[in-house]
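Q: Structure incoming, see below.
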Amino acid sequence: MKQFEGKNMLNFVKELPNDDVCKEYLAKYKWQDGFKCSKCEGTKGCLKKGFKYHCYNCHHVESATSNTLFHKVKFGLQKAFCIVFEMTTSSKSLSSTQLGARYGISQTSTWFFMQKVRKAMESSKKYPLKDLVHVDEFTVGGKEEGKQGRSYNTKKKKAVIAVELTNKHQVKRVYIKSIDDYSCKSLTPIFEEHIDTSAKVFTDKWRGYEPLKEIYNITQIKSNNGKNFKKLHIIIHQVKSWLRTIPTHVSKQHIQKYFSEFSYRINRSQSKKTIWHNTIIKMIKQNPITQKQIIWKLN
Ligand SMILES: [Zn+2]
């Protein structure tokens, strides 16, 4: 059973035609480096009917979906695989309402599963942005939509964005972080998690960046209504218009997950061939999360 590649939906359905084949796919890649029992850590066992692994040491039987983000998927693995396919291979994905209708699943179940996919799309923080990086803040929701720069409207959700550009000023990679305010304390995490200290960073003249100059190579220039940060503002525009297409309300509590999803696709736009498979692998490696954890953001 080979790794699925590409963006062709018909090939996808041909290669993964039903829940059983999808389970086989999951089992193959879950245990591709060998089996390790989740109960006793034993490594000896055998694959049983239904793609379950039987541990010889403690006789625990583990399913292909347990200890992964596919744990307790209510609507079958093929539909789950299809939702991951839509979320990774398209440029904008679809809303939970649209995907639910397409696959005959309730909007709520679709939404919960999509939150799990978004969990797998969170950055590993292992590959910070390098070279030329532009940073700016923006807001989502509320009135005055589209205005650039900082807003103090409390209904708006605030965010900070960092974009790595090639020397020809093309967008290479993007990270976005939801923030509570524009203080240095709130602006620091995107630097610590996503920007290499060697990067040449450009920001606007906002004083919140000042203290970060001690560690980072930051040049502050006038934004000139965004003209000096053209590519970055195109990305901001894209993320805002994408969020507007989502009919369900995106609360402040959950918005970070949508930012992660948006950045995940941009950062992998050069690897669309393998993006679906690699996301499945990420979902296999992550521990399961419950609906409660999703609602209360305990993950
Ligand atoms: Zn065991």
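The values are calculated or read from the model by the stated rules, or taken from the named source; none is laboratory data. Only a predicted model underlies this, so the values are computations on that prediction, with no experimental measurement involved. Backbone-built Cβ (ideal geometry, glycine too); neighbour counts: all protein chains shown. The accessibility values were calculated without ligands, DNA or RNA, using every heavy atom of the protein model including side chains. Shrake-Rupley method; radii C 1.70, N 1.55, O 1.52, S 1.80 Å.
Q: Taking the options 284, 275, name whichever one is within 12 Å of the chain's Cα centre (by Cα) and either closer than 24 Å to residue 31 by Cβ or not acidic (Asp, Glu) (or both).
A: Values: 284 fails: within 12 Å of the chain's Cα centre (by Cα).
Residue meeting the stated conditions: 275.
Q: Quick check on residue 24: is it surrounded by 13 or more Cβ atoms within 10 Å (Cβ to Cβ), among the acidic types (Asp, Glu) and within 16 Å of the ligand (Cβ to nearest atom)?
A: On the way: surrounded by 13 or more Cβ atoms within 10 Å (Cβ to Cβ): yes; among the acidic types (Asp, Glu): yes; within 16 Å of the ligand (Cβ to nearest atom): no.
Answer is no for this residue.
Q: I'm checking my understanding of the structure. Among residues of segment 36-51 that are farther than 23 Å from residue 81 by Cα and more than 8 Å from the ligand (Cβ to nearest atom), which one is most open to solvent (accessible area, probe 1.4 Å)? Spell out the reasoning first.
A: We begin by selecting, within segment 36-51, every residue farther than 23 Å from residue 81 by Cα; these are 36-46.
Okay, now just the ones that are also more than 8 Å from the ligand (Cβ to nearest atom), so 36, 43-44, 46.
On the way: 36: 121, 43: 95, 44: 145, 46: 40 Å².
Per the criteria, the residue is 44.
Q: Something else about it: Would you say residue 91 is outside any loop (DSSP other than H, G, I, E, B), open to solvent by 20 Å² or more (accessible area, probe 1.4 Å) and in contact with a helix residue (DSSP H, G or I) (Cβ under 8 Å, 6 or more places away or on another chain)? Write out each step before concluding.
A: Numbers: outside any loop (DSSP other than H, G, I, E, B): no; open to solvent by 20 Å² or more (accessible area, probe 1.4 Å): yes; in contact with a helix residue (DSSP H, G or I) (Cβ under 8 Å, 6 or more places away or on another chain): yes.
Answer is no for this residue.
Q: Among the residues of segment 201-210, are any at positive phi and assigned to a loop (DSSP other than H, G, I, E, B)?
A: Step one: filter segment 201-210 for residues at positive phi, giving none.
No: zero hits.
Q: Ok, one more. Regarding residue 33, is this residue open to solvent by 60 Å² or more (accessible area, probe 1.4 Å), more than 16 Å from the ligand (Cβ to nearest atom) and in a helix (DSSP H, G or I)? So that I can check it myself, show each step before the final result.
A: Working: open to solvent by 60 Å² or more (accessible area, probe 1.4 Å): yes; more than 16 Å from the ligand (Cβ to nearest atom): yes; in a helix (DSSP H, G or I): no.
Judged against the criteria, residue 33 is not a match.
Q: With (1) more than 16 Å from the ligand (Cβ to nearest atom); (2) at pLDDT 95 or above as the list, and residue 74 as the residue in question, which single condition is left unmet?
A: (2)
Q: Also, quick follow-up: Quick test of your reading of the structure: residue 85 fulfils all but one of (1) within 16 Å of the ligand (Cβ to nearest atom); (2) open to solvent by less than 40 Å² (accessible area, probe 1.4 Å); (3) not hydroxyl-bearing (Ser, Thr, Tyr). Name the failing condition by number.
A: Result: residue 85 passes all but (1).
Q: When you scan segment 94-104, how many residues do you find that are surrounded by fewer than 19 Cβ atoms within 10 Å (Cβ to Cβ) and either of a type outside the set (Lys, Arg) or within 16 Å of residue 279 (Cβ to Cβ) (or both)? I'd like the intermediate steps shown before the answer.
A: Our first condition is that a residue be surrounded by fewer than 19 Cβ atoms within 10 Å (Cβ to Cβ); within segment 94-104, this holds for 94-95, 97-98, 101-104.
Imposing the further condition that a residue be either of a type outside the set (Lys, Arg) or within 16 Å of residue 279 (Cβ to Cβ) (or both) reduces the set to 94-95, 97-98, 101, 103-104.
Going through segment 94-104 one residue at a time, the tally reaches 7.
Q: Taking residue 54, is it free of Cβ contacts under 8 Å to residues at least 12 places away in the same chain, in the same structural domain as residue 278 (by TED's automatic domain parsing) and either in contact with a strand residue (DSSP E or B) (Cβ under 6 Å, 6 or more places away or on another chain) or open to solvent by 50 Å² or more (accessible area, probe 1.4 Å) (or both)?
A: On the way: free of Cβ contacts under 8 Å to residues at least 12 places away in the same chain: yes; in the same structural domain as residue 278 (by TED's automatic domain parsing): yes; either in contact with a strand residue (DSSP E or B) (Cβ under 6 Å, 6 or more places away or on another chain) or open to solvent by 50 Å² or more (accessible area, probe 1.4 Å) (or both): yes.
Yes.
Q: Kindly evaluate residue 294 against the criterion of being aliphatic (A, V, I, L, M), modelled with pLDDT under 90, crowded, with 17+ Cβ neighbours inside 10 Å and not in a loop (DSSP other than H, G, I, E, B). It would help to see each step written out before you state the result.
A: Details: aliphatic (A, V, I, L, M): yes; modelled with pLDDT under 90: yes; crowded, with 17+ Cβ neighbours inside 10 Å: yes; not in a loop (DSSP other than H, G, I, E, B): yes.
Criteria met by residue 294.
Q: Ok, one more. Out of segment 207-218, which residues are surrounded by 13 or more Cβ atoms within 10 Å (Cβ to Cβ) and either within 15 Å of residue 160 (Cα to Cα) or of a type in the set (Phe, Trp, Tyr) (or both)?
A: Listed by number, the residues that qualify are 208, 209, 212, 216.
Q: Within segment 219-241, how many residues are surrounded by fewer than 20 Cβ atoms within 10 Å (Cβ to Cβ) and either under 21 Å from residue 157 (Cβ atoms) or in contact with a strand residue (DSSP E or B) (Cβ under 7 Å, 6 or more places away or on another chain) (or both)? I'd like the intermediate steps shown before the answer.
A: So the first thing to find is which residues in segment 219-241 are surrounded by fewer than 20 Cβ atoms within 10 Å (Cβ to Cβ), and the list is 219-228, 230-231, 234, 237-238, 240-241.
Then keep just the ones that are either under 21 Å from residue 157 (Cβ atoms) or in contact with a strand residue (DSSP E or B) (Cβ under 7 Å, 6 or more places away or on another chain) (or both); that gives 219-221, 223, 226, 231, 234, 237-238, 240-241.
Residues that pass the stated criteria total 11.
Q: Also, quick follow-up: Could you please tell me which pairs satisfy a Cβ distance under 6 Å, a separation of 6+ or placement on different chains, a first residue in segment 224-245 that is on the phi > 0 side of the Ramachandran plot, and a second residue that is not aliphatic (A, V, I, L, M)?
A: Filtered contacts from segment 224-245: 226/148; 226/233.
Q: Here's another thing I want to ask about it. With the structure loaded, tell me whether residue 14 is within 23 Å of residue 67 (Cα to Cα), at pLDDT 95 or above, among the charged types (D, E, K, R) and in the same structural domain as residue 84 (by TED's automatic domain parsing) or whether it fails that test. Steps first, please.
A: On the way: within 23 Å of residue 67 (Cα to Cα): no; at pLDDT 95 or above: yes; among the charged types (D, E, K, R): yes; in the same structural domain as residue 84 (by TED's automatic domain parsing): yes.
Against the criterion (within 23 Å of residue 67 (Cα to Cα), at pLDDT 95 or above, among the charged types (D, E, K, R) and in the same structural domain as residue 84 (by TED's automatic domain parsing)), residue 14 does not qualify.
Q: A further question on this structure: Need the failing condition index for residue 253 against (1) of a type outside the set (D, E, K, R); (2) open to solvent by 40 Å² or more (accessible area, probe 1.4 Å); (3) not in a loop (DSSP other than H, G, I, E, B), just the number.
A: So residue 253 meets the others, but not (3).
Q: Additional query: State which residue is least open to solvent (accessible area, probe 1.4 Å) when the search covers only segment 1-12 and only residues that are in a helix (DSSP H, G or I) and free of Cβ contacts under 8 Å to residues at least 60 places away in the same chain. Steps first, answer last, please.
A: In the first step, residues of segment 1-12 are kept if they are in a helix (DSSP H, G or I); the result is 9-12.
Next cut, free of Cβ contacts under 8 Å to residues at least 60 places away in the same chain only: 10-11.
On the way: 10: 135, 11: 65 Å².
Among them, the one singled out is 11.
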